Amino acid sequence: MLHLHILLWLIGCSTAAHMKDLLHSDKFREKVSCYIDENINGDVRGTSSEEFDIPSCNSELPYSRPYDPSSNNYDNSVSKMEFLLAKNLQKHKCGLGCIKVMKGQVICKRCAPFPVSKLSWIDAEGKWGPQ
């Protein structure tokens with residue numbers, strides 16, 4: 001799905017040291033996990049890998065034309081759009097462009113395969129993952 005890389009400076013926000021301390025709080029990590037759940041998808045729910053692997057090319061993807069949230073069919077339309085976007089723009093298959101050798105081991109520069117989790121998570125060190 002579309003994403004944005006941005007760096008913000010917020011007045012009155014926590015310092016990096018305070019954020020590091022907050023990561024040791026179960027309550028704070030639960031809030032961050034909820035944020036991850038609401039905003040980041042790590043998979044296309046309800047889709048089999050076989051269905052996802054069928055080749056397709058769709059140049060008419062509506063990534064810059066969001067659906068009207070008040071439409072009767074909004075949830076279904078968004079699910080279909082997320083599937084098409086992920087399948088056409090976000091799928092990663094390792095190949096010559098991403099493979100590197102580190103300490104004698106062949107690895108993917110993009111860290112694939114990505115870990116799968118039943119729940120979104122964040123640990124006390126700040127490492128995190130989506131559902």
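Just need the relative contact order of the chain here, percent rounded to a whole number, with Cα pairs under 8 Å and 6+ apart.
36 percent
In the chain, what is the volume of the convex hull around the alpha carbon atoms, normalised per residue and reported in Å³?
In the chain, the Cα hull volume divided by residue count equals 195 Å³.
How much length would be gained if the chain were fully extended between ALA124 and GLU38, taking 0.36 nm per residue of separation minus their Cα-Cα distance, in nm to one decimal?
My answer for the length gained is 28.9 nm.
Taking the chain, how many lysine pairs are there with alpha carbons less than 21 Å apart, if each pair must be eight or more places apart or span two chains?
Final tally of qualifying lysine pairs is 16.
Please provide three numbers in whole Å: the alpha-carbon extents of segment 61-131 along the principal axes, with the largest listed first.
Computed over the Cα atoms, the extents are 55, 34, 18 Å.
Laboratory data are not the source of any read-out in this text; all were calculated from the coordinates shown. Note that the structure is predicted; figures quoted are calculated from it, not measured.
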